[in-house]
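Okay, so here's the structure we're looking at.
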Amino acid sequence: IHPGYGFLAENPNFAEVCETCKLTFIGPSPEVIRLMGDKNQARKSMAEHGLPVLPGTEVLGSEEEALEDAKKIGYPVMVKAAAGGGGKGMRIINSAEELPKLLQMAQNEAEASFGSADVYLEKYISSPRHIEFQVLGGQAGNVIHLGERECTIQRRHQKLIEESASPALDAETRERVGAQVVAALRRIGYTNAGTVEFLRDQSGELFFIEMN
């Protein structure tokens with residue numbers, strides 16, 4: 001059974017039901033969907049497996065914790081929904097004065113959109129490039145990447161144009177980051193198709209942000 005394109009494609013409970021009913025779910029395992037579907041856990045996992053990530057936090061427990069963490073990271077920061085996607089539950093916070101209101105707005109939007117108010121903080125990069133690596137994983141443990149796409153031109157965090165290959169990456173960077181992506185996904189047992197997303201800062205460094 002193919003889950004189509006949308007929320008069922010990233011729903012670990014649906015994948016588990018398929019397994020229970022002896023149906024082959026065309027997609028990653030429920031365990032991997034659960035791991036990579038939570039952006040905060042995905043960041044931790046990819047960092048453990050060698051991918052660079054932006055400075056950030058665990059899921060926030062309180063406004064006071066958020067204020068303390070944001071000060072350590074340094075403004076501006078981005079608050080993001082842990083179960084998020086599609087630009088929902090995200091706000092750019094430029095100062096401590098802005099944080100309480102914008103944090104609450106992000107939590108409310110996350111709860112309404114995803115059924116979870118869990119959010120975390122991540123260092124905000126101004127004028128980044130958004131670059132994605134497409135990957136395929138087979139049942140025998142083989143993982144490959146199919147190169148990258150430039151997805152920087154966006155409106156409200158939604159991509160308008162995708163260009164492949166990215167004009168911002170040279171051959172050495174493409175080979176190095178592609179190899180890191182393949183190695184990390186092989187270690188977590190990733191199967192089927194996926195997209196590994198990065199932000200590129202002004203220095204040219206790529207940072208993992210999420211996987212779909």
Once the Cα atoms of the range 24-97 are picked out, what are the Rg and Dmax in Å? 14.4, 51
Got a sec? Charge dipole of the chain, +1 on Cβ for Lys and Arg, -1 for Asp and Glu; which of 130, 23, 198 is way out at the positive end? 23
Suppose every K and R has +1 on its Cβ and every D and E has -1 on its Cβ; what is the size of the dipole of the chain about the Cα centre, in Debye to the nearest 20? 360
How many angstrom lie between the Cα centre of the range 65-119 and the Cα centre of the range 2-18? 27
With the convex hull built on the Cα atoms of the range 1-42, state its orientation-averaged projected area in nm². 2.6
Farthest towards the positive end of the dipole of the chain, among 4, 83, 35 and with Cβ unit charges of +1 on Lys and Arg and -1 on Asp and Glu, lies the Cα of 4
Give me the distance in nm between label points sitting 7 Å out from Cα along the Cα-to-Cβ direction at residue 48 and residue 94, one decimal. 3.8
Mind computing the radius of gyration and Dmax over the alpha-carbon atoms of the range 173-212? Å is fine for both. 10.9, 33
Cβ charges +1 (Lys, Arg) and -1 (Asp, Glu), total dipole of the range 90-196, debye: 120
Consider a paramagnetic label point 7 Å from the Cα of residue 179 along Cα→Cβ; state which residues of the range 17-44 have an amide N under 17 Å from it. none
Ranked packing of 27-36, 68-77, 203-212, most packed first, by mean Cβ within 10 Å: 27-36, 203-212, 68-77
Over 28 Å [Cα-Cα, the chain], rounded percent: 29
Where a label projected 7 Å from the Cα of residue 139 along Cα→Cβ would reach, residues of the range 1-32 with amide N under 19 Å: 1-4, 15-32
Quick one: ranking 186, 43 by accessible area, 1.4 Å probe, largest first, what do you get? 186, 43
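The values are calculated or read from the model by the stated rules, or taken from the named source; none is laboratory data. In this text, all values refer to a predicted model and were calculated from it rather than measured experimentally. Backbone-built Cβ (ideal geometry, glycine too); neighbour counts: all protein chains shown. What goes into the accessible areas is simple: the full protein's heavy atoms, side chains included, and nothing from ligands, DNA or RNA. Shrake-Rupley method; radii C 1.70, N 1.55, O 1.52, S 1.80 Å.
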